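The values are calculated or read from the model by the stated rules, or taken from the named source; none is laboratory data. Given the structure is predicted, the values throughout are model-derived calculations rather than measurements. Cβ atoms come from the backbone with ideal geometry, glycine included; neighbour counts cover every protein chain shown. Note: accessible area is taken over every heavy atom of the protein model, side chains too, but ligands, DNA and RNA are not part of it. Shrake-Rupley method; radii C 1.70, N 1.55, O 1.52, S 1.80 Å.
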Amino acid sequence: MASNAPYTPSDFPSEAEAESRLTADRFDIIALIAKADRRRENSDNRAASAYYNAAIRTAAARPPADPDVVAQVARADAATRWLADHFRCHLLDALTDRGFTRDHQHPRFRESLDMMFGDMQRPDEYRQFPQKPMAHYYPGMTHIEFADTRSFDWVQQLEARFPEMQREALAILASHDGFQPYIKAASSRPQQDHHGLLENADWSTLHLWQNGGPVDEHIRRCPIIYQTIIDHVPLCHIGPRAPSIMLSLLKPGAKIPPHTGMLNSRLICHLPLIVPPDCGFRVGTTTIKWEEGKVIAFDDSVEHEAWNNSAFDRLVLIFDIWRPELTQTERDQITAMFDVVDNYR
């Protein structure tokens, strides 16, 4: 690997100027590249790569006519390739330091890395709704839409506490205090429109566990809900990424458009707490109606959507668990990989 990135200091806007321009136009290619350059100058390679890639995608969708912009996009492409090579070396070295050399990696985990680095192609899935995780594809996971929750011994214990949990939920829903839009704006990464849900309180959440730890001020409002999950559910722990334990509020008339989640190595679980009529949920080819007090589990890497066509709020408790077919070795290696990724700059 080369010792220096193909990065050319420029008279581009400052980071503050780039952010101002992106607020006005998130498709401003020069501002995206300037933001990437400034992140690179601050040794934030992960953010730099995200902004360079955003500029490249924007240029592909909206080809620039200005030859100077075209030249800058070419520079961004070269920088992205260097940064990808740098990240690969960093990740593999860090895994080796933790004892996960290539020879000691589970075969499926090793394949997932090969796919991440582009050394191996994902197998074709000849189905309408394949697994399409946005962050990490893990091979060999059985294709399901909804899991059979009868195979989970903790479900019965959770559902038995439903009446108490629902009482807490009703008290919380009376005020809406503490709920925040599920999709928040962030200046640390290129901003996307997220189907009109950015900073939209129609879909909002109250987190009980977020970014790797409990949210005490929210837990105090629903201690039974929180403690029941902690005591009985085999949660998926992956640093700041998982679990998410949250109350998900969908307001009257609101819709969550079709989308896919980040990982296919976990299942997302719902415990419907307050569900009025005319609410629905689709995963892949299967559409259901939530049933209050009945747990569902699904693969959120398969396209899914939700809607509330009623005149009342819908409230669902959401949390995540590992895919049952993963061995402990695989879970440890996936967790180690994301620990390296999340601490990479």
**Prompt:** Hey, got a sec? Which trypsin sites (Lys or Arg not before Pro) in region 236-295 land in a DSSP loop and have at most 12 other Cβ atoms within 10 Å?
**Reply:** LYS289
**Request:** Would you please name the GluC sites (Glu not before Pro) within region 273-337 that are DSSP coil residues with at most 10 other C-beta atoms within 10 Å of their C-beta?
**Result:** GLU291
**Item:** Cleavage-rule hits, trypsin sites (Lys or Arg not before Pro), region 112-183, DSSP coil, Cβ neighbours within 10 Å at most 16
**Value:** ARG127
**Asked** Tell me, what is the 1.4 Å probe accessible area of ASP93, in Å² to the nearest 10?
**Response** 90 Å²
**Request:** First measure r as the distance between the Cβ atoms of ARG127 and ASP77, then evaluate 1/(1 + (r/R0)^6) with R0 = 25 Å and state the FRET efficiency to the nearest 0.05.
**Result:** 0.15
**Message:** Only Cα pairs within less than 10 Å get springs; with that Gaussian network setup on the chain, which residue of GLN131, GLN156, GLN180 has the largest fluctuation?
**Reply:** GLN156
**Request:** List, largest first, the extents of the alpha carbons of region 44-198 along their principal axes, each in whole Å.
**Result:** 64, 46, 37
**Total charge dipole magnitude, the chain, about the Cα centre, Cβ charges on Lys, Arg, Asp, Glu only, Debye to nearest 20** = 120 debye
**Prompt:** How would you classify region 187-324 from its alpha-carbon gyration tensor, with a ≥ b ≥ c the square roots of the eigenvalues: rounded for a/c under 1.5, else prolate if a/b is greater than b/c, otherwise oblate?
**Reply:** rounded
**Prompt:** What's the center-to-center distance, using Cα atoms, between region 209-241 and region 24-40 in Å?
**Reply:** 37 Å
**Item:** Translational diffusion coefficient (Stokes-Einstein; Kirkwood radius from C-alpha pairs) of the chain at 20 °C, 1.002 mPa s, in µm²/s
**Value:** 97 µm²/s
**Fill in**
Residues whose built amide H sits under 5 Å from the amide H of LEU317, excluding neighbours closer than 5 in sequence, are SER248, LEU271, LEU273
**Item:** Charge context of ALA242, other residues only, Cβ under 15 angstrom, K/R +1, D/E -1
**Value:** -3
**Check: region 37-192 dipole with +1 on Lys, Arg Cβ and -1 on Asp, Glu Cβ, in debye** = 280 debye
**Asked** What's the local net charge at ALA254, with K and R +1, D and E -1, over the other residues with C-beta under 11 Å away?
**Response** +1
**Fill in**
Given Cβ charges of +1 for Lys and Arg and -1 for Asp and Glu, the option among ALA94, THR228, ILE183 whose Cα lies farthest towards the positive end of the dipole of the chain is ILE183
**Item:** Environment charge at GLY212 (Cβ cut-off 12 Å; Lys +1, Arg +1, Asp -1, Glu -1)
**Value:** -1
**Highest-first arrangement of 30-37, 46-53, 96-103, where packing means the average Cβ count within 10 Å** = 30-37, 46-53, 96-103
**Request:** Pull up all non-local amide H partners of ASP300: gap of 5 or more, or a different chain, and H-to-H distance under 5 Å with H placed in the peptide plane.
**Result:** ILE268
**Prompt:** Along the charge dipole of region 1-146, Cβ charges K/R +1 and D/E -1, which of GLN131, PRO13, ALA60 sits furthest on the positive end?
**Reply:** GLN131
